[in-house]
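To start, the structure itself, in structure tokens.
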Amino acid sequence: MPTASKLVGALLFAALGFVASVLALPMLEGLTVNPNTPQINAVIGFCMGWFIAGPRAGGGFRDGMSNGITTTTIGLLTVLVTHGTIFALRASWRGRFRDPTDAMEAMVDFMLQSALRLVHPQEILLLGLGGIGIGLLLEFTHSRAR
């Protein structure tokens, strides 16, 4: 059932995913990065806001901050797994791996390299403060939409 909290959460987390991706692209230079990364991450952010953050809104100030941080963390892990999977699939279509174990190793290696390159203060602050802010806005939206 669509609610105002789900819609606002979906739109705001999609925007956060897009902006964070655009900011992160220069940090990922040298890795094989999909040119549609910001759009993919915006879709993931939309889904995280709709299915995770939106339904959990309504618990108060502290729960709103927790909701935002939790959703951001789950979204970041989903983004890393998604792009690792895309990398492994593209490389396997080119015949780069001998067996599925090599593909899984390459996927995990790509995920770890990406995660290590994203550990920058501006990215951490954007995701952390953005998640907290969105969680608080969802609480406000939930209280006003009733």
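The values are calculated or read from the model by the stated rules, or taken from the named source; none is laboratory data. What you are looking at is a predicted structure, and each value in this text was computed from that prediction instead of being measured. Positions of Cβ are backbone-derived with ideal geometry, glycine not excepted, and every protein chain shown enters the neighbour counts.
Name the residue that is nearest to S114 (Cα to Cα), counting only residues in region 14-56 that are in a loop (DSSP other than H, G, I, E, B) and in contact with a helix residue (DSSP H, G or I) (Cβ under 9 Å, 6 or more places away or on another chain). Out of the qualifying residues, it is L31. Annotation note: of M107, M111, the sole residue that is part of a helix (DSSP H, G or I), without any contact (Cβ under 8 Å) to a residue 24 or more places away in the chain and surrounded by 12 or more Cβ atoms within 10 Å (Cβ to Cβ) is M107. Among residues that are modelled with pLDDT of 95 or more, of a type outside the set (D, E, K, R) and in contact with a helix residue (DSSP H, G or I) (Cβ under 7 Å, 6 or more places away or on another chain), G64 is included.
Is it the case that some residue within region 116-128 is part of a helix (DSSP H, G or I), more than 24 Å from T32 (Cα to Cα) and either of a type outside the set (F, W, Y) or free of Cβ contacts under 8 Å to residues at least 60 places away in the same chain (or both)?
Our first condition is that a residue be part of a helix (DSSP H, G or I); within region 116-128, this holds for 116-117, 121-128.
This time we only want the ones that are more than 24 Å from T32 (Cα to Cα), so: 125, 128.
Right, trim to either of a type outside the set (F, W, Y) or free of Cβ contacts under 8 Å to residues at least 60 places away in the same chain (or both) and you get 125, 128.
Yes, region 116-128 contains a residue that is part of a helix (DSSP H, G or I), more than 24 Å from T32 (Cα to Cα) and either of a type outside the set (F, W, Y) or free of Cβ contacts under 8 Å to residues at least 60 places away in the same chain (or both).
Quick one: in region 57-87, which of the residues that are buried (at least 18 other Cβ atoms within 10 Å of the Cβ) and of a type in the set (S, T, Y) is nearest to the chain's Cα centre (by Cα)? Per the stated criteria, the residue is T72.
Can you name every residue in region 1-36 that is polar (S, T, N, Q) and surrounded by fewer than 20 Cβ atoms within 10 Å (Cβ to Cβ)?
Narrowing region 1-36 to residues polar (S, T, N, Q): 3, 5, 21, 32, 34, 36.
Matches in region 1-36: T3, T32, N34, N36.
Taking residues in region 21-32 that are closer than 15 Å to M111 by Cβ and touching a residue at least 24 places away in the same chain (Cβ under 8 Å), and partners anywhere that are of a type in the set (D, E) and not in a helix (DSSP H, G or I), not one pair has Cβ atoms closer than 6 Å while being at least 6 places apart or on different chains.
Is it the case that region 2-13 has a residue that's free of Cβ contacts under 8 Å to residues at least 40 places away in the same chain, within 21 Å of I124 (Cβ to Cβ) and in a helix (DSSP H, G or I)? Within region 2-13, not a single residue is free of Cβ contacts under 8 Å to residues at least 40 places away in the same chain, within 21 Å of I124 (Cβ to Cβ) and in a helix (DSSP H, G or I). Report yes if some residue within region 89-98 is modelled with pLDDT under 95, small (G, A, S), assigned to a helix (DSSP H, G or I) and buried (at least 17 other Cβ atoms within 10 Å of the Cβ); otherwise report no. Yes, that holds for at least one residue.
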